[in-house]
1. Give me the net charge for the shell around Ile187: Cβ to Cβ below 14 angstrom, other residues only, Lys and Arg +1, Asp and Glu -1.
2. Would you mind checking which residues have amide H under 5 Å from Arg207's amide H? H placed 1.01 Å from N; only 5 or more apart, or other chain.
3. Mean separation of Cα pairs under 8 Å and 6+ residues apart, divided by the residue count of segment 1-122: what relative contact order is that in percent?
4. Where in segment 96-199 are there chymotrypsin sites (Phe, Trp or Tyr not before Pro) that are in a DSSP coil and have at most 10 other Cβ atoms within 10 angstrom of their Cβ?
5. Under 5 Å between amide H atoms, partner at least 5 residues away or on a different chain: which partners does Glu38 have, H built in plane at 1.01 Å?
6. Tell me the carbon and sulfur percent of the accessible area for the chain, rounded to whole percent, probe radius 1.4 Å.
7. What does the charge count around Gly137 come to, taking other residues whose C-beta lies under 14 Å from its C-beta (Lys +1, Arg +1, Asp -1, Glu -1)?
8. Excluding Ser39 itself, calculate the net charge of residues whose Cβ lies under 12 Å from the Cβ of Ser39, where each Lys or Arg counts +1 and each Asp or Glu counts -1.
Amino acid sequence: MGRRPIIAGNWKMYKVKDEAYAFIYAVNLELPDKELVESVICAPAIFLKDLVKREGENLRIGAQNMHYAQEGAYTGEISAAMLKSYGVDYVVIGHSERRAYFNETDETVNLKLLAAVNQEITPIVCVGESLEIREAGTTDEVVKKQVEKAYLNVSKAEALKTVIAYEPIWAIGTGKTATPEQANDTIRSIRNVLSTLYGKEVAEQVRILYGGSVNTKNVESLLATSDIDGALVGGASLDPTSFLTLVNAAFKKVKNQ
Ligand code: PGA
């Protein structure tokens, strides 16, 4: 049995309540069996409670961020325990937009990863390089450091409960997708980092997604590679038909295995 693919939509700061409900209603009954493909919507925090209530058998809801502390005087923040208490199953950690605009660092990513796993929430840990780094040819080194720092003090058992999303910054929201080969090569090098940290067995089990301008046209070729286990999708996850097409591409891959 190979690694079960994940298609995770990252809605970012889009949609209002009725649009969010309408989306969930439209996809719920159309999604493939969650034992074959994990379909996840990472929604703005204010929607989480209601979307968890509305999620069908084969849909899971994720947050886009959380605080690393268990509790405390952090006005405006949400803890992993709070997410857990509402039945949220995933959380995106270290998205490049949070790194760029909200002071997310490798250190806070590490603390958030540990806090999420501790609450049995699956962290989707984002890493990825800027265009300058890609052009300088140091992508593997930079991404390696991000992964090593994210997994500091993370045990083998904890690492197995995580998901990584490789998202080159230059490909996010730009319409410029990494080629399947570029994405797969970097993801393979991330797997090598995991192998060094935790051994080959763990490296072979952790799901690593690609993100950055994934759409209904390029998804199949990205998923056809050896090491890409799904996608973290922004723009193309906002429309139900588009999201279902992405999920069905993953389902088709599983069926053909
Ligand atoms: P995009 O965003 O699919 O719109 O490029 C991906 C992401 O930010 O996770």
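The values are calculated or read from the model by the stated rules, or taken from the named source; none is laboratory data. Keep in mind that what you see is a predicted model, and the values were worked out from it rather than measured. Positions of Cβ are backbone-derived with ideal geometry, glycine not excepted, and every protein chain shown enters the neighbour counts. Ligands, DNA and RNA are stripped out before the accessible areas are found, and what is left, the full protein with its side chains, is counted by its heavy atoms. Shrake-Rupley method; radii C 1.70, N 1.55, O 1.52, S 1.80 Å.
1. Spelling it out: positives minus negatives among the neighbours equals -3.
2. Ile164
3. Values: 182 pairs, mean separation 27.1, N = 122.
Computed value for segment 1-122: 22 percent relative contact order.
4. Those satisfying the criteria are Phe102.
5. So Glu38 has HN proximity to Ile6, Ile7.
6. For the chain, the apolar C and S fraction of the accessible surface comes to 51 percent.
7. Value of the local net charge: -4.
8. Details: positive: Arg4, Lys34, Arg60; negative: Glu30, Asp33, Glu35, Glu38, Glu55, Glu57, Asp89.
Net charge in that neighbourhood comes out at -4.
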